[in-house]
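Please treat every number below as a calculation from the coordinates, not as lab data. As the structure is a computational prediction, the values presented were derived from the model and not from experiment. Positions of Cβ are generated from backbone atoms using ideal geometry, with glycine treated the same way; all protein chains shown enter the neighbour counts.
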Amino acid sequence: MMTMTDQQLADFERDGLATVDSPFTTAQISAASEAFDRLLSPPPYPSSQPLKYRTGTSDFTDPALIDLVQHPFLEEVAKQVLRCDQIKMFRPPSLKQTYPDPNRPFEFSLHTDARLSSSDLRATPRRMPCNLLIWISDVTPQTAPLMVRPGSHRQIAEAIGSHPAYLPLMNNKTGQPTQIEDYVNIKNAHSAPTVVGWFEDQLPDLKYHDPVPLTAHAGQVTVWTQAVVHGASTNTSNISRKVIFNDFQPQGVEIGVTRDTSGKRRRHLSRLASLMRPERCHLIEL
Ligand SMILES: [Fe+2]
């Protein structure tokens, strides 16, 4: 099943992201949207932190959602951009809903969640995870679009050379120095790409593309690398923005994985495997 055109693959190559039409039907997307409404409710308003008026979960069993996240279309797109024959989920799919916040001015933040070298990007299979966003609602410049600097992953890759540090000295989530012991499968900061936050002041000072809003229609899928400089924005509309995050990686390529101290990741993936059709379970490795 070929799913991306040569032009879309070239867009991904250049920009680090491409939005493609999917085989998902309007009925499938509506059923998923109803599942979001059942599962998620808005946090107390106003949010103490701007850009955080949102909720999310990986804790779902609704057939409407399982149907989407196990769909072969996602697997084929991920295989095309990662240039490989076999992939697996890097972590459980998660739902994210950003609620209307029309009384706030439009704002956005910028960061990356991965750092890749030019050789990671050139490799076959590519030495990287990729993320697929299934848009459950339309995304306009007003409905909390992801803000992105197209091509910034390549600029950073060129700037950091062939032996990069994949981990920042300071962990942005904890505010503490990065601990290698937090990872199960890497020995030092240079071992393997991983998914970890880098703030703007930790990025090379380069002339990046101005941030642009990533817009899409409900039912489309955006495939991208979180090594692109990106960030959340305010939902200044009156409509919730709904999206499902799906992370994949090539089989046999080492990607740094953090210790799952709570067992959550494993719990969600094993339950998902129990709900998926048997012929789709190769996507999950426990
Ligand atoms: Fe991010």
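Descriptive notes on the structure:
- Neighbour net charge for Leu121 - beta-carbon separation under 13 angstrom, K R +1, D E -1: +3
- The string of couplings for region 224-241 from the Karplus curve (6.51, -1.76, 1.60, θ = phi - 60°) is 7, 10, 7, 7, 6, 5, 7, x, 6, 9, 6, 8, 8, 8, 10, 10, 5, 9 Hz, one whole number per residue in order, with x for Gly and Pro.
- Under a 5 Å amide H cut-off, with hydrogens placed 1.01 Å from N, Gly16 pairs with Gly151 among residues at least 5 apart or on other chains.
- Inter-part distance, region 217-286 to region 11-66, computed on C-alpha centroids, equals 11 Å.
- A straight chain from Asp210 to Arg83 at 0.36 nm per residue would run longer than the Cα-Cα distance by 42.8 nm.
- The residue among Thr194, Ala232, Val81 whose Cα reaches farthest toward the positive pole of the charge dipole of the chain, with charges on the beta-carbon of Lys, Arg, Asp and Glu, is Thr194.
- Global size of region 32-119: 16.9, 48 Å for Rg and Dmax (C-alpha atoms, Rg to one decimal, Dmax whole).
- At full extension, Glu76 and Thr61 could sit 3.1 nm farther apart than now, given 0.36 nm per residue minus the alpha carbon distance.
- Among the trypsin sites (Lys or Arg not before Pro) in region 248-286, those located in a DSSP loop and surrounded by at most 12 other Cβ atoms within 10 Å of their own Cβ are Arg259.
- As a length-normalised measure over Cα pairs under 8 Å and 6 or more apart, the relative contact order of the chain settles at 33 percent.
- Student exercise, region 3-114 dipole from Lys, Arg, Asp, Glu Cβ charges, in Debye to nearest 20: 400
- Taking 7 Å steps out from each Cα toward its Cβ at Ser118 and Ser33 produces label points 4.5 nm apart.
- Long-range amide H partners of Thr194 with built H, under 5 Å: Arg115, Gly256
- Extending 7 Å from the Cα toward the beta-carbon at both Gln179 and Thr5 defines two label points whose distance is 5.0 nm.
- Other residues with beta-carbon under 10 Å from the beta-carbon of Thr143 carry, at +1 per Lys or Arg and -1 per Asp or Glu, a net charge of +1.
- Potential extension, Glu279-Ser262 segment - 0.36 nm per residue separation minus Cα distance: 3.2 nm
- In this structure the amide hydrogen of Asn172, modeled in the peptide plane, comes within under 5 Å of the amide hydrogens of Gly197, none closer than 5 places in sequence on its chain.
- Choice from Gln80, Gln70, Gln49 showing the highest fluctuation, given a GNM over the chain with Cα pairs closer than 10 Å: Gln49
- R0 of 51 Å, Cβ-Cβ distance Asp201-Ser41: FRET efficiency to nearest 0.05: 0.90
- Compactness index (Cα Rg / 2.2 N^0.38 Å), the chain: 0.96
- Here the chain is scanned for GluC sites (Glu not before Pro) in DSSP loops (not H, G, I, E, B) that have at most 15 other Cβ atoms within 10 Å, and the longest stretch holding none of them is 108-253.
- Subset of Lys52/Lys242; Lys52/Lys207; Lys52/Lys79; Lys79/Lys264; Lys52/Lys96; Lys96/Lys264 violating a 21 Å alpha-carbon distance limit: Lys52/Lys207; Lys52/Lys79; Lys79/Lys264
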